Amino acid sequence: MGFMVHKRRRTKPSKRPRQLVVAQTAYPPALVEFMMQGWKPRPRPQPAKVKGYARFAARRRALSRAFPGEVLVIPTGHEKVRANDTTWRFRPSSDFYYLTGNQEPDCVLVLWPSGKTGHEHVLYVEPNPGRTDATFFTDRNKGELWVGPRLGVPESRERYQVDRCAPLGELGQLFRELRGRRRPVRVLRGVDPDIDRALPARPPADRELATALSEMRLIKDDMEVAALKRACVATRHALDDVVRALRRAKTERELEAAFARRARIEGNDVGFNVIAAAGEHACILHWTANNGQLRTRDLVLIDAGVETNELYTGDLTRTLPVSGKFSKAQREVYDLVIEAQNAALAAVRPGADFVEPHRAATRVLAEGLVRLGVLRAPLAQALDERQQLYKRYTLHNTSHMLGLDVHDGAQARPQRYREGRLVPGMVLTIEPGLYFQVDDLTVPARLRGIGVRVEDDVLVTTRGGRLLSDVPRASDDVERWLKRLWQGA
């Protein structure tokens, strides 16, 4: 953070604490004077309206109707420190983005009661004083010569089509007013520690705000579905790159790099840390170290998704034979997982319980485990809810919601999500898997160390489930996919 010495300041800076600790630099007055002169005036045309601005406004109005007469505070958060004075690439809070379309850090959306039931939509943003304030070169966190220009207050009002925009420096006064009036306030917690400290917590009320937003996000509109479809297409392209790399790759990290490269070319980034798990690492559900070797005799499990520039993510998993061909034992396990996935896909329909695809997949997996000689208990005992013996080999559920977050709608009430019913517009994953640990003596020796998961993304429609992803699934198709891309590499 630079040290401010120039006195001709026209814009009051934000009083919010900085997230970084950087060495301060004392700028000589002569340098400051020199830096403040000799800049060619730059036009500041009105920015284009953010794509989908009417939908963002409709979402804000829907949230407003749920909490009449209450102040709602939804921050986007700050850049997060990676190491000392460097940060991770900023990614806004999903709920904030869902309501605004804004991807800048430090912003805050406030819905202020207006009229009998409505709200004024106020967006607090970082001002952009241009070259009229020395912070453009002294502030290492926000100065435009250090990190690029911010949009600014009037420009943000035009771009995001909110009722009003205000500079971040006014937040302190707003919070003092809120504390003094004792108005009912709900805050989206856990996003901005400054705001969490500034406004007294009301745990039940704050949780209800987070829940309302999660439940709104369970149903995707056509703009969101289109973004998720693009995420799946980009994820397919990234998986193609992984397959090409697999021909000569020696380590899991090389496959991760192939995927991540495509994610930055076609989207914003990866939607979550890439899982590139070869051999027995595939039996660790969230293996992200990706520091293992690729051996010809092994399978490699790739669980990854490209996040689009609109921040919606795909989430696909494929398990590939490093040699290009499944062994007999690998094919047995893989084909059983595909059989379970097909059963789960057939169970996706409006009105069905959310867990119905999981039940369908689980039954197929349990039957297959008995057939493979892994489960020696009767099928009814293995499936008994009081015992669930099959879970030794498949710990996770078959589905989760997908959207702006890879595990979307996480704050929704159970009766609307896990204990609820499927509704057109929901997007969920279908991802059965089997994992035979290398040291599991209940598993026949020929199967130990094999881990298989196959995952696709599905839209619930009025007629059933529609795959958004288009990646080879059946074992024969996977082998042909590898052969085709390897021949063309």
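The values are calculated or read from the model by the stated rules, or taken from the named source; none is laboratory data. Keep in mind the model is a prediction, meaning the values are calculated, not measured. Virtual Cβ from ideal backbone geometry, glycine too; neighbours counted across all protein chains shown. Side chains included, ligands, DNA and RNA excluded: accessible areas come from the protein's heavy atoms. Shrake-Rupley method; radii C 1.70, N 1.55, O 1.52, S 1.80 Å.
Got a number for residues in segment 64-81 being within 14 Å of residue 141 (Cβ to Cβ) and in a loop (DSSP other than H, G, I, E, B)?
Count: 3.
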Quiz item: If you check 406, 370, which single one turns out to be closer than 30 Å to residue 222 by Cβ and either of a type in the set (Lys, Arg) or modelled with pLDDT of 95 or more (or both)?
Solution: 406
Quiz item: If residue 189 satisfies every condition in (1) of a type outside the set (A, V, I, L, M); (2) within 25 Å of residue 47 (Cα to Cα); (3) within 21 Å of the chain's Cα centre (by Cα) but one, which is the exception?
Solution: (2)
Practice problem: Just name the residue that is surrounded by the fewest Cβ atoms within 10 Å (Cβ to Cβ) out of those in segment 333-365 that are more than 17 Å from residue 455 (Cα to Cα) and in contact (Cβ under 8 Å) with a residue 60 or more places away in the chain. | Solution: 351
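Listed here are the residues, each with its yes/no results for (1) aliphatic (A, V, I, L, M); (2) touching a strand residue (DSSP E or B) at 6+ places or on another chain (Cβ under 8 Å).
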residue	(1), (2)
254	no, no
269	no, yes
272	no, yes
287	no, yes
299	yes, yes
321	no, yes
Exercise. Only one of these is within 20 Å of residue 96 (Cβ to Cβ), buried (at least 16 other Cβ atoms within 10 Å of the Cβ), modelled with pLDDT under 95 and not charged (D, E, K, R): 178, 151, 168. Name it.
Key: 178
Quiz item: Of everything in segment 206-232 that's surrounded by fewer than 19 Cβ atoms within 10 Å (Cβ to Cβ), touching a residue at least 60 places away in the same chain (Cβ under 8 Å) and hydrophobic (A, V, I, L, M, F, W, C), which residue is farthest from residue 72 (Cα to Cα)?
Solution: 225
Quiz item: Is it true that some residue in segment 100-121 is open to solvent by 60 Å² or more (accessible area, probe 1.4 Å), polar (S, T, N, Q) and on the phi > 0 side of the Ramachandran plot?
Solution: no
Self-check item: segment 257-282 residues that are in a strand (DSSP E or B), paired with ones that are among the aromatic types (Phe, Trp, Tyr) (beta carbon under 9 Å, 6 or more apart)
Solution: 270/259; 275/287; 276/259; 276/287; 277/287
